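First comes the structure, then the notes that go with it.
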Amino acid sequence: MAPVRLPADAELPLLRARVSDLADRALVVGDPGRAARVAELLDDVRQLAANREYHVYAGSYQGVPITVASHGVGAAGAAVCFEELARGGVTRIIRSGTAGGMQPDVVDGAIVVATGAVREDGVSHQLVPTPFPAIATPSLTLALQAAAEQSGLDVHSGIVVTGDMFYPSDVITGVDLPMWQRAGVVAVEMEAAALFVIAALHGIETGAVFAIDGNPLAAKDESMDGYDPYREVVTRAVDGALTAALDALIA
Ligand SMILES: O=P(O)(O)O[C@H]1O[C@H](CO)[C@@H](O)[C@H]1O
Ligand SMILES: O=c1cc[nH]c(=O)[nH]1
């Protein structure tokens with residue numbers, strides 16, 4: 001079965017945006033509030049739709065038309081967003097999100113550019129078996145790294161782990177973070193693997209850049225009790241990651 005492409009007059013079933021209103025390039029973020037903040041940075045901006053967690057905007061950044069969409073928390077719901085954008089003809093999708101640092105030097109306020117993602121999510125293995133790698137497009141990764149360096153923030157790059165579990169239980173270890181730390185994984189988040197796999201299946205470009213909002217292993221806080229992404233140091237990194245994502249999107 002070839003990847004689905006929808007006609008220009010179609011409406012995306014869950015995003016509720018019209019295909020003809022989509023740009024070739026899309027920035028995706030988890031939080032609808034963050035999508036609204038990005039929209040303020042664009043020219044000629046208009047909101048295309050707001051359905052469930054999916055808020056979609058059209059606008060232009062430095063003269064280049066782009067789409068901004070929120071995808072919510074978790075790979076299964078986010079996969080709907082990524083799939084519908086690809087079906088609608090988007091050919092480049094960059095995710096800008098928050099993530100937890102995994103290595104001791106990847107801490108609050110840093111930026112991480114993902115080269116690939118460990119597929120610990122629950123949806124991508126239902127699309128293609130897990131030996132299939134989840135990797136970012138190398139040229140976009142390089143563009144993201146160069147753009148992130150402009151922020152003046154501490155920039156890291158490497159493999160992230162995408163899990164479905166934000167808060168662990170006391171029953172089993174859902175995602176073995178210490179093991180992935182030993183394997184050199186730099187950050188943990190919840191949607192990049194699904195994005196990279198869906199982009200590969202559609203033959204489109206993709207990348208991801210993260211603001212680090214804590215380091216659960218270093219803080220000995222795997223329960224996430226101390227999670228607080230609303231601090232100034234994180235807000236600065238979120239802005240740095242968003243600017244890097246926008247710059248790489250139009251590169
Ligand atoms: O900041 P966003 O883009 O939502 O990304 C991260 O934050 C959420 C968890 O708080 C998850 O969606 C995770 O991937
Ligand atoms: O999934 C996530 C997102 C942000 N910070 C974390 O520690 N984990």
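Within segment 33-115, the GluC sites (Glu not before Pro) that combine a DSSP coil assignment with at most 10 other C-beta atoms in a 10 angstrom radius are E40. Of interest is the spacing of the C-alpha centroids, which for segment 18-55 and segment 163-226 amounts to 24 Å. Every Cα-Cα pair in segment 113-167 was counted, and those over 14 Å apart are 60% of them.
Placing R0 at 22 angstrom, the Cβ-Cβ distance between E232 and D44 gives a FRET efficiency of 0.10 after rounding to 0.05. Exposed loop sites here mean trypsin sites (Lys or Arg not before Pro) with a DSSP loop assignment and at most 12 other beta-carbon atoms within 10 Å; the chain contains its longest site-free run at 6-219.
Among beta bridges identified by DSSP and lying wholly in the chain, the antiparallel ones come to about 40 percent. Measuring nothing but how far apart in sequence close Cα pairs (under 8 Å, 6+ apart) lie, relative to its length, the chain scores a relative contact order of 24 percent. Annotation: per residue accessible area for segment 19-249 equals 41 Å², rounded to a whole number [probe 1.4 Å, protein chains only]. Think of it as helices only: each DSSP H run of n ≥ 4 in the chain is worth -39500 (n - 2.57), and spread over all residues that comes to -8500 deg cm²/dmol at 222 nm.
Each pair of Cα atoms in segment 19-249 enters the Kirkwood radius, and Stokes-Einstein at 37 °C and 0.692 mPa s then converts it into a translational diffusion coefficient of 190 µm²/s. Each Lys and Arg Cβ is given +1 and each Asp and Glu Cβ -1; about its Cα centre, the chain then shows a dipole of about 620 debye.
Per the Cα gyration tensor, segment 1-145 maps to an equivalent ellipsoid with semi-axes of 25, 20, 15 Å, ordered largest to smallest. Between the listed residues I212, P65, Y167, the Cα displaced farthest toward the positive end of the dipole of the chain, a dipole computed from Cβ unit charges relative to the Cα centre, is found at P65. The relative contact order of segment 1-139 comes to 24 percent, based on Cα pairs under 8 Å that sit 6 or more residues apart. Backbone geometry of segment 100-117 corresponds, through the Karplus equation with coefficients 6.51, -1.76 and 1.60 at θ = phi - 60°, to 3J(HN,Hα) couplings of x, x, 10, 9, x, 8, 9, 10, 2, x, 7, 10, 10, 9, 7, 8, x, 9 Hz, x marking Gly and Pro.
Karplus-derived 3J(HN,Hα) values for segment 47-61, using 6.51 cos²θ - 1.76 cosθ + 1.60 with θ = phi - 60°, are 7, 8, 6, 8, 10, 6, 7, 9, 10, 10, 10, 10, x, 10, 10 Hz; glycine and proline are entered as x. By accessible area, using a 1.4 Å probe on protein heavy atoms only, the chain has 54% of its surface on carbon and sulfur.
The values are calculated or read from the model by the stated rules, or taken from the named source; none is laboratory data. All values reported here derive from a predicted model rather than from experimental measurement. So basically every Cβ, Gly included, is an ideal-geometry build from the backbone, and we count neighbours across all protein chains shown. Keep in mind that these areas ignore ligands, DNA and RNA; they rest on the heavy atoms of the full protein, side chains included. Shrake-Rupley method; radii C 1.70, N 1.55, O 1.52, S 1.80 Å.
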